Amino acid sequence: MATDSAVVIDGAPTNTPQALVDWVAGVAALTQPSAVHWCDGSVDERITLESLLVASGTFIRLNPVLRPDSFLARSEPGDVARVEASTYICSADPTDAGPTNNWADPTQMRTTLAGLFAGSMRGRTMYVVPFSMGPVGSPLARLGVELTDSAYVVLNMRMMTRMGADALARIAEGEYWVPAVHSVGYPLIDGYGNRRPDVTWPCNDTKYITHFPETREIWSFGSGYGGNALLSKKCFALRIASVIGRDEGWLAEHMLVLRMTSPAGREYHLAAAFPSACGKTNLAMLRPTIPGWKVETVGDDIAWMHPGPDGRLYAINPERGFFGVAPGTSEGTNPVALHALSHDVIFTNVALTDDGDVWWEGLTKTPPAHLIDWQGHDWTPESGRPAAHPNSRFTVTADQAETISPDWEAPDGVPIDVILFGGRRASNVPLISESYGWEHGVFVGATVSSEQTAAAEGTVGALRRDPFAMLPFCGYNMADYWTHWLKVGKGLANPPRIFQVNWFRKAADGHWLWPGFGDNSRPIEWALRRVGGEVGAVAAISGRLPRPEDLNLDGLRLPSADLAELFSLDPHAWADEATLTEAYFSQFGDKLPAELTSQLAELRDRIARV
Ligand code: GTP
Ligand code: SPV
Ligand code: MN
């Protein structure tokens, strides 16, 4: 049963441009959905889709008294995180994808995808989801349209982007848009017309998350989860947008953005790149433990940064919501997120309590006596396995965070004073260290390594290079990306200062040396006071370190041995890392910018001088 074009345009607003209708019709002819729905983003539409997902069993409505208008979804056990091994950059020339991405020949990939997508939506509705990344109408916003056969994806996109009629109206005015096609790959009718029942989390063992940087297209098959399926997020706002940014002179980054105001009322803006599940959401909603300072949230995962007319770098958060890690979120660690989750939330893969609410590891000190775990099985504290999946997530709109900045939708963005690079490092990397300048900062960003987390498939805890926290998200050659960063910095009369931070250093017995969370305001205060010219610093191997008297530790019971270890730099360990960095850089060949080779030499000089 092929979908005819009358079905496709049925429900399309009258001003829908022909190019969009033709594209939708073409995808419908390939995937053969039984209906096409044009999303307007209305409340009625939301309620209809929620009811549909409750009826199909994908959504469990949570107790409306405890958690109004909120739902729990449980995925298939094999569809719980991004699949980096199945994520491809299909550039015409493999060197444009570079050694850190999976490359596939675009012509061959199109053939593969044509086979997979043929009839993949049979028996399902194909939703047309127009969306804006960035406030609708902002000069820095960009538009996209996702076609998906998942109502779960539509409801998440509705919270994570500005989705619906307003975005479509901009497209109708002729603005550029990025096409993105998504199918869970679980048709309900086979090629002979035989029907099969739906399942609560349809997906496919075969998964392909593909990007075509030259044509700026996205095709995603087989997964319903997070960054694999909400194509606005990592696929568009990072992989495709990084390519657009390279061509247009701006930066698309895996960064949170926040505003921090000093007791004297001076406002600073900070952007921070930490790898997945390494603390961006938590830092974005920080409650400072030092008196008088205030933090406001601009974004928690992605920043688009443009050089402004005054020579500063301006950032917008292209998203509208948070797709945050649930485990570890508590009244003690991130009260702001917890309060934001009091209503209108989609939870994925957390545990269900007996009174119809949610629970995850770390939410309370003692777990409830009985739960239904993320796979739908009975769970007790004796079960010996996590009740919530380590990568379980919440989806909530940003305006529900009490710390949201009044300027979080400022069309021209906010001026960035400080950039932080960080990761999970049990050893070697100090709590905070200021880079010697933009080029050194780019070197620091390029050489970040971090212990792997549950946000993607792979071995949790394994140390890997994650340059700029963009290893899985850069849509082109990583060395070209570093060159681009160097170029953008050279063009800034007033560039942000770059710091490296590490909240995750451990003592020999395994305890965290630093309390983290709200206390991260302390090293950040030092960074901001460096910008303000209020404090000095001590030159060291890694960069400039705080003088002991300048780091505010008032009210903190930190053993002096721990404090010393937080800043200790072992020249032998740093020399070993320099050797590894040289080997790491060598894979980029001629593309490695000369500035980074010089920075490595300067690092070795500093090590030798100790
Ligand atoms: P993505 O959404 O995957 O990009 O991750 P993210 O960088 O936003 O990570 P998030 O803030 O959600 O933190 C992930 C985990 O790190 C959670 O379990 C947090 O509780 C934990 N975490 C965050 N900040 C700190 C910190 O300062 N110290 C320690 N020890 N853990 C932290
Ligand atoms: C990440 O993994 O960095 C995330 C979650 O923010 S996802 O949307 O799945 O990419
Ligand atoms: Mn992320």
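The values are calculated or read from the model by the stated rules, or taken from the named source; none is laboratory data. These numbers come from a predicted model, not from an experiment. All Cβ positions, glycine included, derive from the backbone under ideal geometry; neighbour counts span all protein chains shown. Just so you know, the surface numbers come from the protein's heavy atoms only, side chains and all, with ligands and any DNA or RNA stripped out. Shrake-Rupley method; radii C 1.70, N 1.55, O 1.52, S 1.80 Å.
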proj_area_mean for the chain (convex hull on C-alpha atoms), units nm², value 27.0 nm²
Under 5 Å between amide H atoms, partner at least 5 residues away or on a different chain: which partners does GLN452 have, H built in plane at 1.01 Å? GLY461, ALA462, LEU463, ARG464
What is the Å³ per residue value for the convex hull set by the Cα atoms of segment 48-112? 167 Å³
The chain, helix-only ellipticity at 222 nm - DSSP H runs n ≥ 4, -39,500 (n - 2.57), divided by all residues, nearest 500: -7500 deg cm²/dmol
Determine the gain in length on full extension of the stretch GLN375-ASP166; use 0.36 nm per residue of separation and subtract their C-alpha separation, reporting nm with one decimal. 71.5 nm
With x for Gly and Pro, the residue-by-residue ³J(HN,Hα) of segment 414-422, computed from phi through the Karplus equation 6.51 cos²θ - 1.76 cosθ + 1.60 at θ = phi - 60° and given in whole Hz, is 10, x, 8, 9, 9, 10, 10, 10, x
In whole Hz, the Karplus estimates of ³J(HN,Hα) for segment 351-365 (6.51, -1.76, 1.60; θ = phi - 60°; x where Gly or Pro) are 8, 10, 8, 5, 9, x, 10, 10, 8, 8, 4, x, 5, 10, 5
With every protein chain kept in the model, how would you rank ASP562, ASP205 by accessible area, 1.4 Å probe, largest at the top? ASP205, ASP562
Taking 25 °C and 0.890 mPa s as the conditions, I'd like the Stokes-Einstein D for segment 1-84 in µm²/s, using the Kirkwood hydrodynamic radius from alpha carbon pairs. 156 µm²/s
In Å, descending, principal axis extents of the Cα set of segment 460-610: 50, 40, 35
For segment 203-209, take each phi angle, set θ = phi - 60°, evaluate the Karplus expression 6.51 cos²θ - 1.76 cosθ + 1.60, and give the result in whole Hz per residue in order, putting x for glycine and proline. 6, 9, 4, 7, 10, 9, 10
Long-range amide H contacts for LEU256: which residues qualify at under 5 Å (H placed 1.01 Å from N, peptide plane, sequence gap of 5 or more or a different chain)? ALA272, PHE274
Cα-based Kirkwood hydrodynamic radius, segment 17-63, one decimal, Å: 12.9 Å
Sequence ranges 420-427, 345-352, ranked by mean other-Cβ count within 10 angstrom, highest first: 345-352, 420-427
Which one of PHE59, TRP23, ALA118 has its Cα pushed farthest toward the positive end of the charge dipole of segment 15-166, where Lys and Arg give +1 and Asp and Glu give -1 at the Cβ? PHE59
Relative contact order for segment 229-306: what is it in percent, counting Cα pairs under 8 Å that are at least 6 residues apart? 36 percent
For segment 125-155 and segment 566-584, what is the centre-to-centre distance using only Cα atoms, to the nearest Å? 44 Å
Can you give me the relative contact order of segment 15-88 as a percent, contacts being Cα pairs under 8 Å and 6 or more apart? 13 percent
Projected area, mean over directions - segment 4-154, Cα convex hull, nm²: 12.5 nm²
In whole percent, what relative contact order does the chain give with Cα contacts below 8 Å and a gap of six or more residues? 14 percent
Amide proton proximity set for HIS37, modelled H, under 5 Å, gap of 5+: MET126, TYR127, VAL128
So the number of lysine pairs in the chain with alpha-carbon atoms under 22 angstrom apart, 8 or more residues apart or on different chains, is 9
Suppose R0 equals 35 Å; then what is the FRET efficiency for ALA12 and ASP93 from their Cβ-Cβ distance, rounded to the nearest 0.05? 0.40
So if I place +1 on the C-beta of Lys and Arg and -1 on the C-beta of Asp and Glu, and nothing else carries charge, what would the dipole magnitude of the chain be about its Cα centre? I want it in debye, nearest 20. 600 debye
